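These notes are about the structure you will find just below.
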Amino acid sequence: MAPQREWFEKDYYAVLGLQKGATEKEITRAYRKLAKQHHPDANAGNKDAEEKFKEVSAAYDVLGDAAKRKEYDEVRVMAASGANPFAGAGGFGGAGGAGGGFGGDGIHFETGDIGGLGDLLGNLFGGGRRRSQAGRQPGAGPRRGGDLEAEVHLAFDDAVRGATIAVQLTGAAPCHTCGGTGAAPGTVPQTCPQCNGAGTLAVDQGPFSFSQICPRCGGSGRVVEKPCPTCGGGGAETRTREVKVRIPVGVADGQRVRVKGKGTPGSNGGPPGDLYVTVHVAPHPLFGRKGDDLSLRVPVTFSEAALGAEVKVPTLDGSVTVRIPPGTASGKTLRVRGRGMPKAAAGAGDLLVTVDVVVPQSLSDEQRQAVEALAATEPGNPRAHLGV
Ligand SMILES: [Zn+2]
Ligand SMILES: [Zn+2]
């Protein structure tokens, strides 16, 4: 990942409302919050939100990646010292301070020979621009597209069986007219005549000779003679597209499903980002859920609890008979193995049956006599240990 011109100019921490020393967690949290707030799906037609969304995505693209963030932090230190190789039209307008130690006639300012700044410039002017798309990102190498977020709502049954859900996404996509090349139909981008496709030019400035980004092609090495009428040569357009998302069996409420390569398209030949789909699962009318286990409260009568019984209980797939042992207390939970939520890998969680002993609201004469007969046989005070 080569540093970008924007890195010198944009404070990505400020974009996410953070300080420079923010933790990875803080960065991710801030990004999710802002991406959600400014997401095009929630702000149809709102240009400001779209811009903000792009900014936030660009900031997270860098700060959310430890390696890129390190490079970015280094660039910011350089930027603070005034070393911006992009400043000014003629090349290294801002690099005077860093380059001050080099004198003499005819020195070629070889990038890569001057320590930290050299590494930086080496990256800036390194290879990888040949595959770029018609100069969309001046001076940038291949750039991975941003990640996108989406949400889907599922019925409980869909979570049990798994499902394929079509998600509508609005955002940057390769232009449908030119396929992303930026060239008008029937034409293709040409090798830049000024730099012969290199993307950089050697420029003599007094005793120095600099490598400078080719002004004609913006560093891409290619030029579009006739821009595509749909995208104006940029190669991208805002479009609503449909992505089929495979929701795994047993998906949990709040789970995020990653769809690789379905995020924002990359630029300059970079790979696309990923799509993250947050899944909301509607509750089941009977079963509670904890992880892969399902829970169910089952009413039993006093006599069933006292004498033991076999009771039929529902499961996701037909019914099952549960043996209530004699002397089961109200609130006791019995585990039925393998009758819970199906798991994505294989098998299933358990069904946890909690026994609810039902006390009759009213008794018939016959029942009252029976209960009184029972009471007459009951030993002492069961609350004696409470000391009252
Ligand atoms: Zn060029
Ligand atoms: Zn186009």
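The values are calculated or read from the model by the stated rules, or taken from the named source; none is laboratory data. What you see is a predicted model; the values in this text were computed from it and never measured. Here the Cβ is made from the backbone with ideal geometry for all residues, glycine too, and neighbour counts use every protein chain on show. Surface accessibility is based on the protein's heavy atoms, side chains included, excluding ligands, DNA and RNA. Shrake-Rupley method; radii C 1.70, N 1.55, O 1.52, S 1.80 Å.
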What number of residues within region 167-177 are more than 12 Å from ligand 2 (Cβ to nearest atom) and open to solvent by 50 Å² or more (accessible area, probe 1.4 Å)? 1
Residue pairs within 7 Å by beta carbon, gap of at least six or interchain, first lying in region 203-224 and within 29 Å of T181 (Cα to Cα) and of a type in the set (S, T, N, Q), second modelled with pLDDT under 85 and away from ligand 1 (no atom under 15 Å from the Cβ), listed first then second, are S211/T111
Check A163, A236, A159, A252 and return the single one that is away from ligand 1 (no atom under 16 Å from the Cβ) and over 30 Å from P283 (Cβ atoms). A236
Single unsatisfied condition, A236 versus (1) surrounded by fewer than 17 Cβ atoms within 10 Å (Cβ to Cβ); (2) in contact with a Cys (Cβ under 8 Å, 6 or more places away or on another chain); (3) among the aliphatic types (A, V, I, L, M): (1)
Expected output for region 322-335 (first residue free of Cβ contacts under 8 Å to residues at least 24 places away in the same chain, partner open to solvent by 70 Å² or more (accessible area, probe 1.4 Å), Cβ below 6 Å, 6+ apart or cross-chain) is R323/E310; P326/L307
Just to be sure I understand the filter: pairs with C-beta atoms under 9 Å, separated by 6 or more residues or on different chains, first member in region 370-386 and within 13 Å of F302 (Cβ to Cβ), second member open to solvent by less than 70 Å² (accessible area, probe 1.4 Å). Which pairs pass? A370/L363; V371/L363
Matching residues in region 178-222 - criterion: being open to solvent by less than 10 Å² (accessible area, probe 1.4 Å), within 16 Å of ligand 2 (Cβ to nearest atom) and hydrophobic (A, V, I, L, M, F, W, C): A183, A184
Tally time: how many residues in region 244-293 are within 30 Å of G182 (Cα to Cα) and surrounded by fewer than 17 Cβ atoms within 10 Å (Cβ to Cβ)? 6
I'm told A14 meets every condition in (1) surrounded by 13 or more Cβ atoms within 10 Å (Cβ to Cβ); (2) at pLDDT 85 or above; (3) not in a loop (DSSP other than H, G, I, E, B) except one. Can you identify the failing condition by its number? (1)
Regarding R258, is this residue assigned to a strand (DSSP E or B), at pLDDT 90 or above and away from ligand 1 (no atom under 12 Å from the Cβ)? yes
Qualifying residue in region 263-274 (condition: free of Cβ contacts under 8 Å to residues at least 60 places away in the same chain, within 16 Å of ligand 2 (Cβ to nearest atom) and closer than 27 Å to A49 by Cβ): no
Scan P360, P314, P325 and give me the residue that is at pLDDT below 95 and surrounded by 10 or more Cβ atoms within 10 Å (Cβ to Cβ). P360
